[in-house]
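What follows draws every value from the coordinates through simple rules; no lab data is involved. Just so we're clear, the structure is a prediction, and the values are computed from it rather than from any experiment. Cβ: placed from backbone, ideal geometry, glycine included. Neighbour counts: every protein chain shown.
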Protein chains: 2
Amino acid sequence: MIMKRALVTGGAGFLGSHLCRRLLADGFAVTALDNLYTGSRRNVEDLLDNRCFSFIEGDVIDFSTEEMFDEIYNLACPASPVHYQARPIFTTRTSVIGTMNMLELAKRCGAKMLHCSTSEIYGDPLVHPQQEKYWGNVNTIGIRSCYDEGKRCAETLCADYIREFDTDVRMVRIFNTYGPAMHPQDGRVISNFIMQALNNEDITVFGDGSQTRSFQYCDDLIEAFRRYMELPVERIREFFKEKGLGAPAINTGNPGEYTIRELAEETLRQIPESKSKLIEKPLPSDDPKRRKPDITLAKELLGWEPKVPLQEGLAKTIAYFRTR
Amino acid sequence: MIMKRALVTGGAGFLGSHLCRRLLADGFAVTALDNLYTGSRRNVEDLLDNRCFSFIEGDVIDFSTEEMFDEIYNLACPASPVHYQARPIFTTRTSVIGTMNMLELAKRCGAKMLHCSTSEIYGDPLVHPQQEKYWGNVNTIGIRSCYDEGKRCAETLCADYIREFDTDVRMVRIFNTYGPAMHPQDGRVISNFIMQALNNEDITVFGDGSQTRSFQYCDDLIEAFRRYMELPVERIREFFKEKGLGAPAINTGNPGEYTIRELAEETLRQIPESKSKLIEKPLPSDDPKRRKPDITLAKELLGWEPKVPLQEGLAKTIAYFRTR
């Protein structure tokens, strides 16, 4: 039997490394591409001896290969504000030129491609929860725009490769996701709280902590990826045509909402030895407002919904951060 | 005296060719770059003998030069739906990669750059008229997205080059503009009506013709370009900071509104020999909704407002189309 070959861009990142493991378990030969800007060799170190796995340190913007792939998973892009705001032009280039490069590769190989988009394409949404048909509310010239607009433009390219070349691209708009292998300094609330609690530092709650967030555990998301990629393309085309959407983009996220204060308290409950205290700080001006996915389409198309409760996912994530 | 050097991308296009003439009149040495996808050599033929003018047939995506420029005007991009929808991926590449290429050139030369954005970044706006602070309402995956999202992403790049490298970029969001040198087949309403009237074909009004449009005559726009570029960068930075905008983008357009029926009737009045009749056709599904610029900022910053009435601009445009 010939193994299927998958390419995972951003393969040494938080989500990419989980996906590589899952694809190996599913019987794929896996190539991980990562420039290690936010990814880390440590995330895939245990896979390097696996003869079905190979790691390439390289950039999605100019990666070129003669190899053939059956499936391409395009995850490469700095995704946390602290990282993408440090290199905004590079971030836009990664999204736009990187995605175009992978679309060209998918076209040449006749591969299926899963493109990772983001809830950030909805910006500061004026409707709640967000459905896929919502067009978003995004500033073109702000400090978050490099990520938001880069990702929006990448979606446009995917849609046009489908229309122009019949390339088999599937898009997921990923909402807040957490889990082991998260970058400890990515500045997001779950990793911040855990690191602060483990280091006995004050846990900083912005505002009064009553603002809510939705948190999706990484394994749930990876399950959605795989289900989406296993579907026949005809089924996908038909589904989105019925729904009146111009291209196959679905939300994947956990619609359960928690207040920031609840998250902080649960983190402290699970790290009982911590001497940290909750302190309040003023809300930063560009704090992302509430985003909550409507996952009706994913449920219907993939028979999928998130399974891992926050308490359980948090326990696994804390266990990971304890080992670092 | 050393002449200032200007580069005009899209220099053989409708607006580009007017701008080249104006810059020559203002004493610049002008290089026009155009891939002739929608531009035409005919638009600059009369300039080719001018020793201050040079024409390069080339693409803004990969244009490279050792020359130094004082001012770069980035106009290159297919701008009419019929042209950009024929080559959507090329359109996105022109906007995004082309703009990045020009930003790199501006950075290397220490040049001022005027970047032409568009009212299309507002998409199907939910507020009227549109102010610069409005974030827009744009579909990422529709058939117009290649232009809208490409142009949005180009704005993001301009804003980030200003923030990251202090590049002197000024952006104009151009609303509907018309005049001599328009592409006769660009599918826009003014050129359509004039061509139909001159050819004694029925004048097709979509819907009942009561929808309104704003039309800016090309000379008014070029005047705004030049005034904007003449301002000291410090004045611009200060102005947009005061206004709370993240980057210097201003609307340029004519806020006067005409119904489509009024436009058709005025066109026929100015072409009295025409045997054309008005006929109504159903509105296409992606018909752009009403857009009307708020030009308060341009008035305040540039001391500018449109001067050419529709009747006069239309007469000049009809005279041009009669010669073709």
Using the Kirkwood radius built from alpha carbon pairs, what does the Stokes-Einstein equation give as D for region A:192-324 at 4 °C and 1.567 mPa s, in µm² per second? 76 µm²/s
Once you keep just the Cα pairs under 8 angstrom separated by 6 or more residues, what percentage relative contact order results for region A:124-280? 32 percent
Choose one of A:SER117, B:PRO78, A:SER210: the residue whose Cα lies farthest towards the positive end of the charge dipole of the protein assembly as shown (beta-carbon charges +1 Lys, Arg; -1 Asp, Glu; about the Cα centre). A:SER210
Between 0 and 90°, nearest 10: helix B:218-230 axis offset from chain B longest Cα axis: 20 degrees
Could you give the Stokes-Einstein D for chain B in µm² per second, using the C-alpha Kirkwood radius, 4 °C, 1.567 mPa s? 65 µm²/s
Net charge dipole size for the protein assembly as shown [Lys, Arg +1 and Asp, Glu -1 on Cβ; Debye, nearest 20]: 380 debye
Folded to 0 to 90 degrees: helix B:233-242 orientation relative to chain B principal axis, Cα: 70 degrees
If you take the C-alpha gyration tensor of region A:143-184, multiply each eigenvalue by 5 and take the square root, what semi-axes do you get, largest first, in whole Å? 26, 15, 7
Expressed as a whole-number percentage, the relative contact order of chain B with C-alpha contacts under 8 angstrom and at least six residues apart is 17 percent
What is the angle, in °, between the Cα long axis of helix A:99-109 and the longest principal axis of the Cα atoms in chain A? Nearest 10 is fine, range 0 to 90. 40 degrees
Looking only at Cβ-Cβ distances, which cysteines of chain B have no other cysteine closer than 4.7 Å? B:CYS20, B:CYS52, B:CYS77, B:CYS109, B:CYS116, B:CYS146, B:CYS158, B:CYS218
With charges only on Cβ, +1 for K and R and -1 for D and E, what is the dipole size of region A:6-115 about its Cα centre, in debye, rounded to 20? 300 debye
Could you tell me the relative contact order of region B:59-120? Use alpha-carbon pairs under 8 Å, at least six residues apart, and round to a whole percent. 52 percent
Kirkwood Rh over alpha-carbon pairs of region A:232-275 plugged into Stokes-Einstein at 20 °C, 1.002 mPa s gives a D in µm²/s of 151 µm²/s
Spin-label proximity, A:LYS316 to region A:34-55 - amide N less than 17 Å from point 7 Å beyond Cα toward beta carbon: A:43-44
Compute the orientation-averaged projected area for region B:99-196 from the convex hull of its Cα atoms and round it to one decimal in nm². 8.0 nm²
Under 5 Å, built H, 5+ apart or other chain: amide partners of A:THR118: A:ILE174
Tell me, what ³J(HN,Hα) does each residue in region A:202-212 have, in order and in whole Hz, if you take phi through Karplus 6.51 cos²θ - 1.76 cosθ + 1.60 with θ = phi - 60° and put x for Gly and Pro? 4, 8, 8, 9, 8, x, 8, x, 8, 5, 9
From the C-alpha gyration tensor of the protein assembly as shown, pull out the three semi-axes of the equivalent ellipsoid (sqrt of 5λ each), sorted largest to smallest, in whole Å. 47, 26, 25
Largest-first principal axis extents of the Cα set of region A:1-118 (Å): 45, 31, 23
Counting each DSSP H run of 4 or more residues in chain A as -39500 (n - 2.57), what helix-only mean residue ellipticity at 222 nm follows after dividing by all residues, to the nearest 500 deg cm²/dmol? -11000 deg cm²/dmol
Hey, which lysines would be in cross-link range of B:LYS243, C-alpha to C-alpha under 16 Å, not counting anything within fewer than 8 residues on its own chain? B:LYS133, B:LYS299
